[in-house]
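In what follows, a single structure is set out as structure tokens and then discussed.
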Amino acid sequence: MYLFFRKLLSIFFHIRYRINVMHPENIPSLKGGYIIACNHQRYADPPMVAAVIRGKFSFMAKEELFRNPFFGWLIRRCGAFPVVRGSGDDAPIRDSINAVEKGRILVIFPEGTRSKDGTIGRMKSGVVLIASQAGVPVLPACIRYGDKGAVDINFGELIPADKLKIDENDRRSMRTISKRLGDSMLSLQKEIYDAAGLPVPVKEKKEQAEENGSE
């Protein structure tokens, strides 16, 4: 049933959108067992990524989305599992590790929330923690939604598992590797906008100051 719904969504997204994949050579030949770390702008992001890569996917979705019986049933069939924000529960981490250990491709949005202005925010450490504990590589990615259904998806070079290994008691190393991942995604975003002849979105100074103050 998973493959049926995945194929259905893939067909729909290729009809609905004009998807341009940049650097498809960076997409691993692996059918699973790795993480895709991507910026987050729309609810369509997870199936958009899945529409251009083969494999079985898993991804986190906020618990509220599962309250609608039909929609909850549908996204579960497509590999989603719920996460309750601010609960302190480590179940999402365990579910994520379990997914990649079972050979799935785990799609994560390290910013932790959708961007309203197209900018890429500070990376949270969850993706590095999951990659380190599971011992799997991470594929950086960036999406841009253009006019009239145009979508650009840019894939960076796969980051090997040994480059993501951390000491979980050393928060500085966790932040350092998270920042490297964020810098990679920013480079992918710049390449997309440069190719389109457009300026890269920039945060307002007030928002930037508030974000830096929260670190």
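Which residue out of PRO92, PRO110, PRO137 is within 30 Å of LEU8 (Cα to Cα), crowded, with 21+ Cβ neighbours inside 10 Å and under 15 Å from the mean Cα position of the chain (by Cα)?
Selected residue: PRO110, the only one of PRO92, PRO110, PRO137 that is within 30 Å of LEU8 (Cα to Cα), crowded, with 21+ Cβ neighbours inside 10 Å and under 15 Å from the mean Cα position of the chain (by Cα).
Remark: pairs (first residue in the stretch 20-48, touching a residue at least 60 places away in the same chain (Cβ under 8 Å); second residue surrounded by 19 or more Cβ atoms within 10 Å (Cβ to Cβ) and of a type in the set (Asp, Glu); Cβ separation under 7 Å; 6+ apart in sequence or on different chains) = ASN20/ASP152; MET22/ASP152; CYS38/ASP45; ASN39/GLU111; HIS40/GLU111.
Name the residue, out of GLU168, GLU157, that is part of a loop (DSSP other than H, G, I, E, B), under 24 Å from TYR34 (Cβ atoms), of a type in the set (Asp, Glu) and within 18 Å of the chain's Cα centre (by Cα). Outline the logic, then answer.
Working: GLU168 fails: within 18 Å of the chain's Cα centre (by Cα).
When all the criteria are applied, what remains is GLU157.
Summed over the stretch 50-80, the residues that are out of contact with any helix residue (DSSP H, G or I) (no Cβ under 8 Å at 6 or more places or on another chain), surrounded by 14 or more Cβ atoms within 10 Å (Cβ to Cβ) and among the polar types (S, T, N, Q) give a count of 0. Only one of the numbered conditions (1) among the aliphatic types (A, V, I, L, M); (2) in contact with a Ser or Thr (Cβ under 8 Å, 6 or more places away or on another chain); (3) in a helix (DSSP H, G or I) is not met by VAL202, and that is (3).
If you scan the stretch 75-89, which residues turn out to be farther than 19 Å from CYS38 by Cβ, at pLDDT below 80 and outside any helix (DSSP H, G or I)? Answer for the stretch 75-89, where residues must be farther than 19 Å from CYS38 by Cβ, at pLDDT below 80 and outside any helix (DSSP H, G or I): VAL84, GLY86, SER87, GLY88, ASP89.
If I filter the stretch 9-17 for residues that are of a type in the set (A, V, I, L, M, F, W, C) and touching a residue at least 24 places away in the same chain (Cβ under 8 Å), do I get at least one hit? Yes: one or more hits.
Return yes when VAL84 is in contact with a helix residue (DSSP H, G or I) (Cβ under 7 Å, 6 or more places away or on another chain), among the β-branched types (Val, Ile, Thr) and touching a residue at least 40 places away in the same chain (Cβ under 8 Å) and no when it is not.
Numbers: in contact with a helix residue (DSSP H, G or I) (Cβ under 7 Å, 6 or more places away or on another chain): yes; among the β-branched types (Val, Ile, Thr): yes; touching a residue at least 40 places away in the same chain (Cβ under 8 Å): no.
Judged against the criteria, VAL84 is not a match.
The values are calculated or read from the model by the stated rules, or taken from the named source; none is laboratory data. As the structure is a computational prediction, the values presented were derived from the model and not from experiment. With ideal geometry, Cβ positions are generated from the backbone for all residues, glycine too; neighbour counts draw on all protein chains shown.
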